[in-house]
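*Asks:* Dumping the structure here so I can ask a few things about it.
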Amino acid sequence: MTTVLHYVFAPGLLQSEEVLHAFLVGILVAVISGVVGVFVVLRGQSFVGHVLTDIGAAGASGSFLVGVNAWYGFISFGILAGAGVEWLGDRARNRDVATGIILSFAMGLGSLFLYFDTRFTSNASAPMMVLFGSMFVLNPGVIPIVTFTGLAALVVLLLIYRPLLVCSVNPEIAKTRGIPVRLVGILFMILLAIAIEDGSLVVGSLLSTALIIGPPATAIRLTSRIGLASVLSAGIGVVATGLGILLAYDSYLWPPVHRGWPVSFFIAVLVLVFYLLSRLWPERRYAQGAGSARREEVA
Amino acid sequence: MQVEHVLELNDIVVQFGQRTVLDHIDVAIEAGEFVGLIGPNGAGKTTLLRVILGLLSPNHGEVRVDGKSVRKRNRAIGYVPQKIHLDPDTPLRGRDLVGLGLDGHRFGVPLPSRKRRARIDEVLEAVDALRFADAPVGRLSGGEQQRLLIAQALLTDPKILLLDEPLSNLDIRSAHEVVRLVGRLGKERGIAVILVAHDMNPLLGHMDKVLYLAEGHAAMGEVDAVIQSEVLSRLYGYEVEVLRVRGRVLVVGGRDEEADVVDLLGGFHCGDHEDVMNS
Ligand SMILES: Nc1ncnc2c1ncn2[C@@H]1O[C@H](COP(=O)(O)OP(=O)(O)OP(=O)(O)O)[C@@H](O)[C@H]1O
Ligand SMILES: [Mg+2]
């Protein structure tokens, strides 16, 4: 029995402060990303999600130059970009062009920053941290603020849940109900930025959108109830992140070099596995809807 | 005897830059009345709805709901948009959409309760949408979505219901069903209905009055009194002719270059569809 436990929880797992921090922040990020992600799908904003990731990465690369924690770079660039994209325009076409231009500029800036990071500072590992995250080497100094912004984002999201839903379904109805559509849109962008940038810090900018897109995509294959989909999506993210951390910790004992595999790799694989499993799920909800309709018509 | 008007528009003027889109419009509508708002493209139908909804303040004039002057958006007015654009996989059921009419403007997460469910079921039944209430909205047909949107608006408990071109995505049969539904709900619940349409033909026999907009001017009254060559010619400011063919109305322009445009408004679309259906 104990050997089994040892196999799952490698020795020292829960004694390690880094691992506890990883669990705390990782699970929080997974919950926010899961719920925000359902709205991203609903609003058709996955492209903006990618943009926020890349722009956040530019900010993080810059933060090494000025000697502050990467989180500040991620979050400041992410929120500015999110608010900027929303402010730029209502018309989707216009918005995509504008977003694309800002995006390429940010990528250029990011590569310049990374070049300086590796050449002129002692942060040779900066690209690794930006791209793959720093789950196990989180600076304890940023954990309170990451936790706080994450929880605040979650609370605000639950608060504006219904007006946001109305705006996502139809902005005109929202306007006639007296909902400030513009404000809600900008607020949601800021929440999305927090989810993505907190995620970037932990699992890296390569993968933070995986937590935003993967679990909701899985959840909406299982249910057409929006509330249940949000809960499932958060749950799937939490399980993928938790298991990912466990496996990453275990992988310190694995070949080839006993230095550990990147946690983002495990999370990405688990997210994909869950999604593929959900595709095995029969498309019950459509069949059910049509079937019950027919039954009632006959009755 | 003085009639209580649930909605009054007094001397409304709306200008965009140099252009006067609504030029001194007066309208009065009674409770439970079904009004078809008809006019060519760009006549200002949507603009008029936006003024009533309080989304656009007119350059001049006032809107009175229940005798009280309103400047901003008003709870007593329900709005049904033309169409919602949702992906087929969107995780939103019909009843979730309808529920937004009840408490969509409130903070927080909707908590399920028996009372909430009963109120949603009641309007779903009223629009005959119970049978697809649990299906994802994005998978439903245009006519089914239209019913849900109407149910959603009913839950706001409106005295006035505004529908902007609800028929334009529907085939003839669904259009007739929606018109009949809206007419019945208005009468049963005493709700005044303003339904915007390009083509008045699906509304004939259902609407109590027609509100015809053209060139910034309006004429309102019984269909037979308003849809007359002289009345519409005065609105357009040039000769148009009203033709009645096999129970349908066609408005034909007198000036050559305008003829096609006005012609289409009268119901050519409608006629084409029906021929297809009959054949
Ligand atoms: N915000 C605006 N700024 C400038 N012009 C506007 C604005 N809104 C509407 N217009 C103009 O006012 C006129 C009336 O527009 P409106 O949308 O009310 O017409 P409509 O009768 O609803 O037409 P349609 O049948 O095409 O829907 C149009 O010429 C339009 O270009
Ligand atoms: Mg219009």
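The values are calculated or read from the model by the stated rules, or taken from the named source; none is laboratory data. Computed from a prediction, not measured in an experiment: that's the story for all the values here. Cβ: placed from backbone, ideal geometry, glycine included. Neighbour counts: every protein chain shown. What goes into the accessible areas is simple: the full protein's heavy atoms, side chains included, and nothing from ligands, DNA or RNA. Shrake-Rupley method; radii C 1.70, N 1.55, O 1.52, S 1.80 Å.
*Asks:* How about segment B:23-40: which of its residues are closer than 22 Å to B:Arg180 by Cα, of a type outside the set (A, V, I, L, M) and part of a strand (DSSP E or B)?
*Replies:* Within segment B:23-40, B:Glu30, B:Phe34, B:Gly36 qualify.
*Asks:* Now a separate question. I'm trying to understand the selection: among the residues of segment B:207-222, which are in contact (Cβ under 8 Å) with a residue 60 or more places away in the chain and more than 15 Å from ligand 1 (Cβ to nearest atom)? Lay out the reasoning, then the answer.
*Replies:* Here is the first cut: in segment B:207-222, the ones in contact (Cβ under 8 Å) with a residue 60 or more places away in the chain are B:207-218, B:220.
Selection gives B:Met207, B:Asp208, B:Lys209, B:Met220.
*Asks:* Out of all the residues in segment A:169-181, which are assigned to a helix (DSSP H, G or I) and either at the interface with another protein chain (Cβ under 7 Å from one of its Cβ atoms) or farther than 20 Å from B:Arg50 by Cα (or both)?
*Replies:* Passing the criteria: A:Val169, A:Glu172, A:Ile173, A:Lys175, A:Thr176.
*Asks:* Would you mention how many residues in segment A:211-225 are among the β-branched types (Val, Ile, Thr) and buried (at least 24 other Cβ atoms within 10 Å of the Cβ)?
*Replies:* Step one: of segment A:211-225, the residues among the β-branched types (Val, Ile, Thr) are A:212-213, A:218, A:220, A:223.
Next, from what is left, pick out any that are buried (at least 24 other Cβ atoms within 10 Å of the Cβ): A:212, A:218, A:220.
The total comes to 3.
*Asks:* Can you name the helices (runs of 4 or more DSSP H) wholly within segment B:90-205 that have at least 1 residues being within 13 Å of chain A (Cβ to nearest Cβ) and touching a residue at least 12 places away in the same chain (Cβ under 8 Å)?
*Replies:* It comes to B:94-103, B:114-126, B:142-154.
*Asks:* Are any residues in segment B:28-43 on the phi < 0 side of the Ramachandran plot and open to solvent by 10 Å² or more (accessible area, probe 1.4 Å), and if so, which ones?
*Replies:* B:Ala28, B:Glu30, B:Ala31, B:Glu33, B:Pro40, B:Asn41
*Asks:* When segment A:32-67 is examined, which residues are found to be open to solvent by 40 Å² or more (accessible area, probe 1.4 Å) and closer than 30 Å to A:Ser224 by Cα?
*Replies:* Within segment A:32-67, A:Val41, A:Arg43, A:Gly44, A:Ser46, A:Phe47, A:His50 meet the criteria.
*Asks:* Here is a list: B:Val35, B:Val14, B:Val27. Which entry is touching a Lys or Arg at 6+ places or on another chain (Cβ under 7 Å), away from chain A (no Cβ under 14 Å) and more than 12 Å from ligand 2 (Cβ to nearest atom)?
*Replies:* Result: B:Val35 is the single residue among B:Val35, B:Val14, B:Val27 that is touching a Lys or Arg at 6+ places or on another chain (Cβ under 7 Å), away from chain A (no Cβ under 14 Å) and more than 12 Å from ligand 2 (Cβ to nearest atom).
*Asks:* Right, here's the next one. Looking only at segment B:169-203, filter to residues that are open to solvent by 40 Å² or more (accessible area, probe 1.4 Å) and more than 14 Å from the chain's Cα centre (by Cα); which one of those is farthest from ligand 2 (Cβ to nearest atom)? So that I can check it myself, show each step before the final result.
*Replies:* Just the residues of segment B:169-203 that are open to solvent by 40 Å² or more (accessible area, probe 1.4 Å), to begin with: B:169, B:171, B:173, B:176-177, B:180, B:184, B:187-189, B:198.
From what's left, more than 14 Å from the chain's Cα centre (by Cα): B:171, B:173, B:177, B:184, B:187-189.
Working: B:Asp171: 20, B:Arg173: 24, B:Glu177: 22, B:Arg184: 25, B:Lys187: 26, B:Glu188: 28, B:Arg189: 26 Å.
Ranking the candidates gives B:Glu188 first.
*Asks:* Evaluate segment A:228-235: report whether one residue or more is closer than 30 Å to B:Tyr79 by Cα, within 14 Å of chain B (Cβ to nearest Cβ) and free of Cβ contacts under 8 Å to residues at least 40 places away in the same chain.
*Replies:* Yes, segment A:228-235 contains a residue that is closer than 30 Å to B:Tyr79 by Cα, within 14 Å of chain B (Cβ to nearest Cβ) and free of Cβ contacts under 8 Å to residues at least 40 places away in the same chain.
*Asks:* Among the candidates A:Ile179, A:Ile173, A:Ile160, which residue alone is modelled with pLDDT of 90 or more, under 22 Å from the mean Cα position of the chain (by Cα), open to solvent by less than 40 Å² (accessible area, probe 1.4 Å) and more than 22 Å from A:Val25 (Cα to Cα)?
*Replies:* After applying the criteria, what remains is A:Ile160.
*Asks:* Taking the residues in segment B:55-77 that are within 8 Å of chain A (Cβ to nearest Cβ) and within 19 Å of B:Leu195 (Cβ to Cβ) as candidates, determine which candidate is nearest to ligand 1 (Cβ to nearest atom).
*Replies:* So the residue we want is B:Leu55.
*Asks:* Are any of the residues in segment B:225-242 away from ligand 1 (no atom under 16 Å from the Cβ), in a strand (DSSP E or B), more than 18 Å from B:Lys45 (Cβ to Cβ) and aliphatic (A, V, I, L, M)?
*Replies:* Checking segment B:225-242: at least one residue is away from ligand 1 (no atom under 16 Å from the Cβ), in a strand (DSSP E or B), more than 18 Å from B:Lys45 (Cβ to Cβ) and aliphatic (A, V, I, L, M).
*Asks:* Can you pull out the residues in segment A:70-81 that are more than 8 Å from A:Ala193 (Cβ to Cβ) and out of contact with any Gly (no Cβ under 7 Å at 6 or more places or on another chain)?
*Replies:* Hits for segment A:70-81 are A:Ala70, A:Trp71, A:Tyr72, A:Leu80.
*Asks:* Okay, next question. In segment A:202-225, is there at least one residue being in contact with a Pro (Cβ under 8 Å, 6 or more places away or on another chain), away from chain B (no Cβ under 14 Å) and assigned to a helix (DSSP H, G or I)?
*Replies:* So far as segment A:202-225 goes, no, none of its residues is in contact with a Pro (Cβ under 8 Å, 6 or more places away or on another chain), away from chain B (no Cβ under 14 Å) and assigned to a helix (DSSP H, G or I).
*Asks:* Of the numbered conditions (1) part of a loop (DSSP other than H, G, I, E, B); (2) within 16 Å of ligand 2 (Cβ to nearest atom); (3) open to solvent by 10 Å² or more (accessible area, probe 1.4 Å); (4) out of contact with any helix residue (DSSP H, G or I) (no Cβ under 9 Å at 6 or more places or on another chain), B:Thr46 satisfies every one except a single condition; which is it?
*Replies:* All conditions are met except number (1).
*Asks:* Mind checking which pairs have a first residue in segment B:44-67 that is small (Gly, Ala, Ser) and a second that is in a loop (DSSP other than H, G, I, E, B), Cβ under 8 Å, 6 or more apart or different chains?
*Replies:* The qualifying pairs are B:Gly44/B:Gly216; B:Gly54/B:Arg71; B:Gly54/B:Lys72; B:Gly54/B:Arg73; B:Gly54/B:Asn74; B:Ser57/B:Arg71; B:Gly67/B:Glu4.
*Asks:* Residue check: is B:Leu22 of a type outside the set (Gly, Ala, Ser) and within 16 Å of ligand 2 (Cβ to nearest atom)?
*Replies:* yes
Each row is one residue, and each column tells you yes or no for (1) outside any helix (DSSP H, G or I); (2) among the β-branched types (Val, Ile, Thr); (3) modelled with pLDDT under 90; (4) closer than 21 Å to B:Asp164 by Cβ.
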{"site": "B:Met1", "(1), (2), (3), (4)": "yes, no, yes, no"}
{"site": "B:Val14", "(1), (2), (3), (4)": "yes, yes, no, yes"}
{"site": "B:Val21", "(1), (2), (3), (4)": "yes, yes, no, yes"}
{"site": "B:Gly42", "(1), (2), (3), (4)": "yes, no, yes, yes"}
{"site": "B:Val51", "(1), (2), (3), (4)": "no, yes, no, yes"}
{"site": "B:Glu62", "(1), (2), (3), (4)": "yes, no, no, no"}
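*Asks:* For segment B:54-98, enumerate the residues that are within 16 Å of ligand 2 (Cβ to nearest atom) and open to solvent by less than 10 Å² (accessible area, probe 1.4 Å).
*Replies:* If we filter segment B:54-98 for residues that are within 16 Å of ligand 2 (Cβ to nearest atom), which is where we start, we get B:55-56, B:79-83.
Selection gives B:Val80, B:Pro81.
*Asks:* Further question: I need a count of the residues in segment B:127-142 that are open to solvent by 10 Å² or more (accessible area, probe 1.4 Å) and within 18 Å of B:Tyr79 (Cα to Cα).
*Replies:* Qualifying residue count, segment B:127-142: 1.
*Asks:* Sticking with this structure for a sec: Of everything in segment B:143-168, what is within 16 Å of ligand 2 (Cβ to nearest atom) and open to solvent by 10 Å² or more (accessible area, probe 1.4 Å)? Give them in sequence order.
*Replies:* B:Asp164, B:Glu165, B:Leu167, B:Ser168
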